[in-house]
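Submitted below is the structure of interest, expressed as structure tokens.
The values are calculated or read from the model by the stated rules, or taken from the named source; none is laboratory data. If you're wondering where the values come from, they're calculated on a predicted model, not measured in any experiment. Every residue, glycine as well, gets a Cβ built from its backbone with ideal geometry; the counts of neighbours run over all protein chains shown. Quick note on the areas: whole protein, heavy atoms, side chains included, nothing else; ligands and nucleic acids left out. Shrake-Rupley method; radii C 1.70, N 1.55, O 1.52, S 1.80 Å.
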Amino acid sequence: MHENILRDSLVTKIFISYTEGSKKQVMRLKLRFMDDKQAYFSAVTPENYEKPNKKLPAEIKIYTVDGVYRTDVTINDASVTYSEIFFEVSLPKVYEFIQHRSSSRNRTELPVNIKYNDGFEISATTYDLAIGGLAFYSKEQFSSIYKRLPAILTLTLPTTIWTKAEDPKIVVETLFVRERQEDSDEEHFGENLFSYKFVNLSKEAEKTLKNFLINND
């Protein structure tokens, strides 16, 4: 069974599209609530909007920091107010979201340092790296306050991909995304996998990182 990507904190935006009669509607959604069978979304009411029929087929696209997912759903019901629309949508039984990745995610070991404004630092070795962020394992825990604050991340790259710099680094603002305790990987069993995303990665740094991911695949 696939993990329901709607529960992923890497989600940046959600869209729904459907055809009512001969008119196609596309709206950006905000997730309000979700259980195992259905989800409830809201959207800003567009001009000349017509309420969709019950049991209307639709498609949801979910954008994350490292790819786009889509799935076919059914609109069970919709209610319209002056400013908002509320959708009740049935989710696939096994969460069959098809991923269209926009970047590669590589298993690679690189030194990474994350420093907060108060001086607190995390030093680790990456486990997973993509254009949008990275993940690393740690046996340590840290205060939940740091999971809500921005920090400065410094990623050290191999000197072989640089022509001039002797100490190649990517320095970027970062935000904590999620953590989970490993229970299936024997090597890291019991450790915590921490995920961080890059914020406003520069074009130059993005190009360098992309070249590294391609050549290191």
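Need the full-extension length gain, residue 207 to residue 140, defined as separation in residues times 0.36 nm minus the C-alpha distance. One decimal, nm.
20.9 nm
Measure up 30/147; 115/203; 13/54; 37/115; 115/210 against 29 Å on the Cα-Cα distance and list the ones that go over.
37/115
For the stretch 25-70, which trypsin sites (Lys or Arg not before Pro) pass both filters: DSSP loop (anything but H, G, I, E, B) and at most 16 other C-beta atoms within 10 Å?
Details: sites: 28, 30, 32, 37, 54, 55, 61, 70; in loops: 37, 54, 55.
The qualifying sites are 37, 54, 55.
Evaluate the distance, in nm, between pseudo-label points positioned 7 Å from the Cα of residue 182 and of residue 147 along their respective Cα→Cβ axes.
About 1.9 nm separates the two model spin labels.
Another question, then. Keeping all protein chains in position, work out how much accessible area residue 198 exposes to a 1.4 Å probe, and write it in Å² to the nearest 10.
Roll a 1.4 Å probe over it and residue 198 shows about 30 Å².
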